[in-house]
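Each remark here refers to the structure printed beneath this line.
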Amino acid sequence: MEEQALPAQNSITSGVIWKTLLSFFFPILLGTFFQQLYNTADAVIVGRFVGKEALAAVGGATSTLINLLVGLFVGISSGAAVVISQLYGARDSDGTQRAVHTTMAFALAGGFALMIIGWIISPMALVAMNTPADVLPHSITYIRIYFLGIIANFIYNMGSGILRAVGDSRRPLYFLMACCLVNIVLDILLVVYIPLGVLGVALGTFFSQIISAVLVILSLTRTTQIYHLKPRQIAFDPTMLGRIVVIGLPAGLQSVMYSISNIIIQSSINTFGVDAAAAWTAYGKIDGFFWMIMGAFGVAITTFSGQNFGAGRYDRIHKSVWVCMGMSAGTAIFLSVALFFGGGVIYRLFTPDAAVVEQGMVILRLLVPTYITYIAIEILSGAMRGTGDSIIPMMITCVGICVLRVAWIMVAVPQWRDIRCVCLSYPITWSTTSICFLVYYFQGGWLRRRIAAQRQQLAGGGGEQAGQGAE
């Protein structure tokens, strides 16, 4: 039997918290920056060289629909990252191996299923979302090619999740940089020099996804650590799959609810015409820089919380939450100021159309000052998810953001037919949900329940693990 190296003591469970968080956070941030650049390049190139209809097609309705269909599977995969981080933190070699191979089996099966579903239902869904007639053909072309590459996309995301779960945030960054460069080069070649329009952008995305999947598979198969991937052993382990689904399914359902509410918002935006749809698409790319940073903080705190929970270092979970909250608050304030005053320059990178830029600035100047109202949701839910507490955070998010947002669109927007009314649904729901998360976090019962469940599981398996500083 091949011997695999156990993890040495790592800085996540023993180092200085703020230094460790930042050292883990920055590679994730750079990775999400390149992911955002990857997506933004598509929008900039088609917006400048094809037209505003193409710009609306590669974002807007297609992005919202992709997020809906992909979100459930990606949410469940987040459960895999939590399970692997806990097992790795506890130095459980056998459990880590079973979790890794189950995760990759899920990537293959889920990717294949979604490829078929996405190809079939996308055209009907885009029509149902009130996609403007002059945008619809471009949208169908882009989204169908995207779903042809979804298996590679899942392999990359699942494999990167495994690497981040064990504390390696650098290699996913390098892989993403490589496929981002390939995507940009192919976009320029297939849109500017070979005028394939939206088809060229879609093909660039397709081939870059394949490259990222190959790189992450090579990384996992060549390591000697306990998360080593053996292709012949890729299969579902029922017990491990159950653990992954219990933690990940609530996150997946939460993502679906988010996407449904965003589809309703997108449908409302589409009724204002092509200019509004294009402006919303461009804003989504600009706004993505905030979300990429918050997402990086979220991944960092989830991994940090998961490994410390697995190692029994409960005191470090609380300390890391407040360090992460402070850093994310400072970042949110800085971005709000920068985008509020510099957003117009960025908008003109996407399109020279004055009407689109004007609509976009209305959206941007209303929303960016409210970023600070969101940060508690990302950090607190990430910390709780790292310990395995995912059901109640999912319920808080679904009711506080998704249900309330839909209610606003259904009740308020018909009374005030203005794009600003649609936008107000975001800060209202962020503020409400953040208050609920703060109340739930401070009452403390969530961590006591998770510690009790962990000790019961260890006792049942004949293991023992000491906890430090609980509550």
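Filter segment 158-173 down to residues that are touching a residue at least 24 places away in the same chain (Cβ under 8 Å) and over 17 Å from the mean Cα position of the chain (by Cα) and give me whichever is least open to solvent (accessible area, probe 1.4 Å).
Of segment 158-173, the ones touching a residue at least 24 places away in the same chain (Cβ under 8 Å) are 158-167, 169-173.
From what's left, over 17 Å from the mean Cα position of the chain (by Cα): 166-167, 170-171.
Values: V166: 16, G167: 33, R170: 136, R171: 68 Å².
Among those that are touching a residue at least 24 places away in the same chain (Cβ under 8 Å) and over 17 Å from the mean Cα position of the chain (by Cα), it is V166.
Is there any pair with a first residue in segment 216-235 that is under 18 Å from A165 (Cα atoms) and a second that is open to solvent by 50 Å² or more (accessible area, probe 1.4 Å) and in a helix (DSSP H, G or I) whose Cβ atoms are under 6 Å apart and which are 6 or more apart or on different chains, and what are they?
Sorted first by the residue in segment 216-235, then by its partner, the pairs are S219/R171.
Output the number of the condition that F272 fails; it satisfies all remaining conditions of (1) more than 30 Å from H101 (Cα to Cα); (2) part of a helix (DSSP H, G or I).
Unmet for F272, out of (1) more than 30 Å from H101 (Cα to Cα); (2) part of a helix (DSSP H, G or I): (2).
Quick check on segment 365-376. Is at least one of its residues of a type in the set (F, W, Y), within 24 Å of I435 (Cα to Cα) and either open to solvent by 30 Å² or more (accessible area, probe 1.4 Å) or free of Cβ contacts under 8 Å to residues at least 12 places away in the same chain (or both)? Break it down stepwise before answering.
So the first thing to find is which residues in segment 365-376 are of a type in the set (F, W, Y), and the list is 371, 374.
Retained after the next criterion (residues that are within 24 Å of I435 (Cα to Cα)): 371, 374.
Now drop any that are not either open to solvent by 30 Å² or more (accessible area, probe 1.4 Å) or free of Cβ contacts under 8 Å to residues at least 12 places away in the same chain (or both), which leaves none.
No: segment 365-376 contains no residue that is of a type in the set (F, W, Y), within 24 Å of I435 (Cα to Cα) and either open to solvent by 30 Å² or more (accessible area, probe 1.4 Å) or free of Cβ contacts under 8 Å to residues at least 12 places away in the same chain (or both).
Among the candidates T281, T302, single out the residue that is open to solvent by less than 30 Å² (accessible area, probe 1.4 Å), under 30 Å from R455 (Cβ atoms), polar (S, T, N, Q) and touching a helix residue (DSSP H, G or I) at 6+ places or on another chain (Cβ under 8 Å).
Numbers: T281 fails: under 30 Å from R455 (Cβ atoms).
The conditions single out T302.
Limited to segment 201-212, what total is found for residues that are buried (at least 24 other Cβ atoms within 10 Å of the Cβ) and of a type in the set (A, V, I, L, M, F, W, C)?
Here the count works out to 2.
Determine which member of the set G95, G71 is within 18 Å of the chain's Cα centre (by Cα) and part of a helix (DSSP H, G or I). Don't jump to the end; show me each part of the working.
Working: G95 fails: within 18 Å of the chain's Cα centre (by Cα).
Every option except G71 fails the conditions.
Please determine, by comparing only the residues of segment 116-135 that are open to solvent by 40 Å² or more (accessible area, probe 1.4 Å), assigned to a helix (DSSP H, G or I) and touching a helix residue (DSSP H, G or I) at 6+ places or on another chain (Cβ under 9 Å), which one is farthest from S208 (Cα to Cα).
A128
Tell me, please, whether a residue that is more than 21 Å from A296 (Cβ to Cβ), modelled with pLDDT of 85 or more and open to solvent by less than 20 Å² (accessible area, probe 1.4 Å) can be found in segment 175-183. Let's see the steps before the verdict.
As a first pass, look at segment 175-183 and keep what is more than 21 Å from A296 (Cβ to Cβ): 182.
In the following step, the residues that additionally are modelled with pLDDT of 85 or more were identified as 182.
Still in the list and also open to solvent by less than 20 Å² (accessible area, probe 1.4 Å): none.
Looking for residues that are more than 21 Å from A296 (Cβ to Cβ), modelled with pLDDT of 85 or more and open to solvent by less than 20 Å² (accessible area, probe 1.4 Å), one finds none in segment 175-183, hence no.
Output the residues belonging to segment 46-81 that are in contact with a Phe, Trp or Tyr (Cβ under 9 Å, 6 or more places away or on another chain), under 30 Å from R450 (Cβ atoms) and open to solvent by less than 10 Å² (accessible area, probe 1.4 Å).
Passing the criteria: G71, A80.
Identify the residue in segment 242-252 that is surrounded by fewer than 21 Cβ atoms within 10 Å (Cβ to Cβ) and not β-branched (V, I, T) and, among all such residues, is modelled with the lowest pLDDT. Even if it seems obvious, please write down each step before you answer.
The first filter runs over segment 242-252 and keeps only residues surrounded by fewer than 21 Cβ atoms within 10 Å (Cβ to Cβ), leaving 242, 245-246, 249.
Next, from what is left, pick out any that are not β-branched (V, I, T): 242, 249.
On the way: G242: 87, L249: 80.
Only one residue fits best here, namely L249.
Here is a list of conditions, (1) of a type outside the set (D, E, K, R); (2) closer than 29 Å to R365 by Cα; (3) in contact (Cβ under 8 Å) with a residue 24 or more places away in the chain; (4) open to solvent by 10 Å² or more (accessible area, probe 1.4 Å), and A332 meets all of them except one; can you say which number that is?
So the condition that A332 fails would be (4).
Scanning segment 209-226 for residues that are of a type in the set (G, A, S) and farther than 21 Å from D94 by Cα, which turns out modelled with the highest pLDDT?
Initial filter on segment 209-226 (of a type in the set (G, A, S)): 212-213, 219.
Next cut, farther than 21 Å from D94 by Cα only: 212-213.
Numbers: S212: 88, A213: 92.
Looking at residues that are of a type in the set (G, A, S) and farther than 21 Å from D94 by Cα, I get A213.
Is segment 253-260 home to any residue that is part of a loop (DSSP other than H, G, I, E, B), out of contact with any Ser or Thr (no Cβ under 6 Å at 6 or more places or on another chain) and over 20 Å from I150 (Cβ atoms)?
Scanning segment 253-260 turns up no residue that is part of a loop (DSSP other than H, G, I, E, B), out of contact with any Ser or Thr (no Cβ under 6 Å at 6 or more places or on another chain) and over 20 Å from I150 (Cβ atoms).
The values are calculated or read from the model by the stated rules, or taken from the named source; none is laboratory data. These numbers come from a predicted model, not from an experiment. As a convention, Cβ positions derive from the backbone with ideal geometry for all residues, glycine included, and neighbour counts pool all protein chains shown. Side chains are part of the model used for accessible areas, which takes the heavy atoms of the whole protein and leaves out ligands, DNA and RNA. Shrake-Rupley method; radii C 1.70, N 1.55, O 1.52, S 1.80 Å.
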